[in-house]
Amino acid sequence: MRISLYRSIYLLLLGIFTVIFVSACSTAIDTTAMGSKQPVEDCRIVEHTMGETCIPRNPQRIVTLRLDHLANSLALGVQPIASVYYTGFPLPKYLQGKADEIESVGDFKNPNIEKILLLKPDLIVSNSNLQGIYKELSHIAPTVVLNVPFPSPSWKEQLKELAEVLGKKDVSQRLINNYWRRIEELKQALGKRSDRIEVSIANTNSEYGIWAYGEKHYSGTVLSDIGLQRPPAQRGDFFYINNISKEKIFDIDGDVLFFVSMGRKDDKKTLDKLKQNPIWRQINVVKRNQVYFVGSYWHDAGDIFAINAILDDLFKYLVNTP
């Protein structure tokens, strides 16, 4: 009789414990997109390319896996602990001094997963070009995959999407409002000239020869927002054209030419070689000395720092230069 009583008490306690345990577990969100479980009150659901992930409401240890995501994070007032970088390319000037304490976790095409693990992040901001390592990343920390196809979405869309993840929508709107304010200032300074000036954007390197940038490229959208015209070969809904032959080099002609340098030693040698070619001196914009050599941010302009640097150049060379 006593044994039966003990057994009944044991089963009752076991039942109570099971109910409590199941109830506690139901308050956590379980998803394969997360490397760990977090209480509902400590995280919020974010939809992204790979599904849904519950991310911390106030992440402190963020790792970004695109350089423009790093730049935009800083512009939004959030400093990641680590980021990928472009191997072989110098850091853009607008990030120099801002990213000194941000560790490198490898090249943007091949992040070092082991190093990311050792840094113990509480949020990883990845992108659709790295979907192959999503599972590994999501086992380290909550991982959000932002969609960056080619051609990429506009810089405004990318800034807003990242701001949504970081809980900085109000800051992103202020940054975009400031951009439009600067656009209006530039339009006022140019006056009717903006309808008449054909602005060309070009580049050269050893891998892809001579480039020209279309209206869909980040830098092209800035010119469109101002109302500046483009040379005939650069009009259209495309990102860029590379490997332009020497016979078609006049496609980069215009009233003004912004010629982009990626900053590597090899790129400088390629540009010097082009400038020594007799055909270079036959281009009208070169004859008129209206070529302005600018930094790689004209090419990589997927972040708000780069966009503002482009506006700085436009003020400098179209307004302040005689």
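The values are calculated or read from the model by the stated rules, or taken from the named source; none is laboratory data. Quick caveat, the model's predicted, so the values are computed rather than measured. Note: ideal-geometry Cβ built from the backbone for every residue, glycine included; neighbour counts use all protein chains shown. All accessible areas refer to the heavy atoms of the entire protein, side chains included, with ligands and DNA or RNA removed. Shrake-Rupley method; radii C 1.70, N 1.55, O 1.52, S 1.80 Å.
What number of residues within segment 95-110 are open to solvent by less than 100 Å² (accessible area, probe 1.4 Å) and on the phi < 0 side of the Ramachandran plot? Let's see the steps before the verdict.
Residues of segment 95-110 open to solvent by less than 100 Å² (accessible area, probe 1.4 Å): 95, 97-99, 102-108.
The next check asks that each one be on the phi < 0 side of the Ramachandran plot; those that pass are 95, 98-99, 102-105, 107-108.
Count: 9.
Tell me whether segment 217-237 contains one or more residues that are part of a loop (DSSP other than H, G, I, E, B), open to solvent by 50 Å² or more (accessible area, probe 1.4 Å) and either among the charged types (D, E, K, R) or closer than 25 Å to Lys192 by Cβ (or both). Show your work before the answer.
Initially, segment 217-237 is screened for residues part of a loop (DSSP other than H, G, I, E, B), giving 217, 227-228, 230-231, 235-237.
Of the ones still in play, those that are also open to solvent by 50 Å² or more (accessible area, probe 1.4 Å) are 235, 237.
Retained after the next criterion (residues that are either among the charged types (D, E, K, R) or closer than 25 Å to Lys192 by Cβ (or both)): 235, 237.
For segment 217-237, residues part of a loop (DSSP other than H, G, I, E, B), open to solvent by 50 Å² or more (accessible area, probe 1.4 Å) and either among the charged types (D, E, K, R) or closer than 25 Å to Lys192 by Cβ (or both): present.
Which residues, counting only those in segment 289-320, are free of Cβ contacts under 8 Å to residues at least 12 places away in the same chain and either surrounded by 19 or more Cβ atoms within 10 Å (Cβ to Cβ) or outside any helix (DSSP H, G or I) (or both)?
Within segment 289-320, Asn289, Asn320 meet the criteria.
Please specify each residue of segment 223-243 satisfying the condition of being in contact with a Ser or Thr (Cβ under 9 Å, 6 or more places away or on another chain) and closer than 14 Å to Ile210 by Cβ.
Let us first name the residues in segment 223-243 that are in contact with a Ser or Thr (Cβ under 9 Å, 6 or more places away or on another chain), namely 226-231, 233-234, 239.
Those that are in contact with a Ser or Thr (Cβ under 9 Å, 6 or more places away or on another chain) and closer than 14 Å to Ile210 by Cβ: Pro231, Ala233, Gln234.
Looking only at segment 118-145, filter to residues that are open to solvent by 10 Å² or more (accessible area, probe 1.4 Å) and of a type in the set (Gly, Ala, Ser); which one of those is nearest to Val63 (Cα to Cα)?
The residue in question is Ser128.
Would you confirm, using the coordinates I've provided, whether Ile113 is without any contact (Cβ under 8 Å) to a residue 24 or more places away in the chain, over 22 Å from Met262 (Cβ atoms) and surrounded by fewer than 18 Cβ atoms within 10 Å (Cβ to Cβ)? Walk me through how you get there before you give the answer.
Working: without any contact (Cβ under 8 Å) to a residue 24 or more places away in the chain: no; over 22 Å from Met262 (Cβ atoms): yes; surrounded by fewer than 18 Cβ atoms within 10 Å (Cβ to Cβ): yes.
No; evaluated as a whole, the condition is false for this residue.
With respect to Lys192, determine if the residue is at pLDDT 95 or above, farther than 18 Å from Gly295 by Cβ and open to solvent by 60 Å² or more (accessible area, probe 1.4 Å).
Details: at pLDDT 95 or above: no; farther than 18 Å from Gly295 by Cβ: yes; open to solvent by 60 Å² or more (accessible area, probe 1.4 Å): yes.
Here the answer is no, as Lys192 does not meet what is asked.
Run down Ile249, Ile210 and say which single residue is modelled with pLDDT under 95, assigned to a strand (DSSP E or B) and in contact with a strand residue (DSSP E or B) (Cβ under 9 Å, 6 or more places away or on another chain).
Values: Ile249 fails: assigned to a strand (DSSP E or B).
Result: Ile210 is the single residue among Ile249, Ile210 that is modelled with pLDDT under 95, assigned to a strand (DSSP E or B) and in contact with a strand residue (DSSP E or B) (Cβ under 9 Å, 6 or more places away or on another chain).
For segment 264-280, check the following and say yes or no: at least one residue is within 21 Å of Leu314 (Cα to Cα), touching a strand residue (DSSP E or B) at 6+ places or on another chain (Cβ under 7 Å) and not β-branched (Val, Ile, Thr).
Just the residues of segment 264-280 that are within 21 Å of Leu314 (Cα to Cα), to begin with: none.
Checked against the condition, which is being within 21 Å of Leu314 (Cα to Cα), touching a strand residue (DSSP E or B) at 6+ places or on another chain (Cβ under 7 Å) and not β-branched (Val, Ile, Thr), segment 264-280 yields no hits at all.
Restricting to segment 144-163, what's the tally of residues that are in contact with a helix residue (DSSP H, G or I) (Cβ under 8 Å, 6 or more places away or on another chain) and in contact (Cβ under 8 Å) with a residue 60 or more places away in the chain?
Result for segment 144-163: 12.
What are the residues in segment 146-159 that are open to solvent by 10 Å² or more (accessible area, probe 1.4 Å) and more than 18 Å from Ser219 (Cα to Cα), if any?
Selection gives Asn147 alone.
Determine whether segment 30-43 contains at least one residue that is closer than 30 Å to Lys156 by Cα, in contact with a strand residue (DSSP E or B) (Cβ under 9 Å, 6 or more places away or on another chain), at pLDDT 80 or above and surrounded by 11 or more Cβ atoms within 10 Å (Cβ to Cβ).
Yes, segment 30-43 contains at least one residue that is closer than 30 Å to Lys156 by Cα, in contact with a strand residue (DSSP E or B) (Cβ under 9 Å, 6 or more places away or on another chain), at pLDDT 80 or above and surrounded by 11 or more Cβ atoms within 10 Å (Cβ to Cβ).
Could you figure out which of (1) within 16 Å of Ser152 (Cβ to Cβ); (2) out of contact with any strand residue (DSSP E or B) (no Cβ under 7 Å at 6 or more places or on another chain); (3) touching a residue at least 40 places away in the same chain (Cβ under 8 Å) isn't true of Ala189?
Only one criterion in (1) within 16 Å of Ser152 (Cβ to Cβ); (2) out of contact with any strand residue (DSSP E or B) (no Cβ under 7 Å at 6 or more places or on another chain); (3) touching a residue at least 40 places away in the same chain (Cβ under 8 Å) is unmet by Ala189, namely (1).
I'm checking my understanding of the structure. Among residues of segment 53-87 that are modelled with pLDDT under 95 and out of contact with any strand residue (DSSP E or B) (no Cβ under 9 Å at 6 or more places or on another chain), which one is least open to solvent (accessible area, probe 1.4 Å)?
Taking the candidates together, the pick is Asp68.
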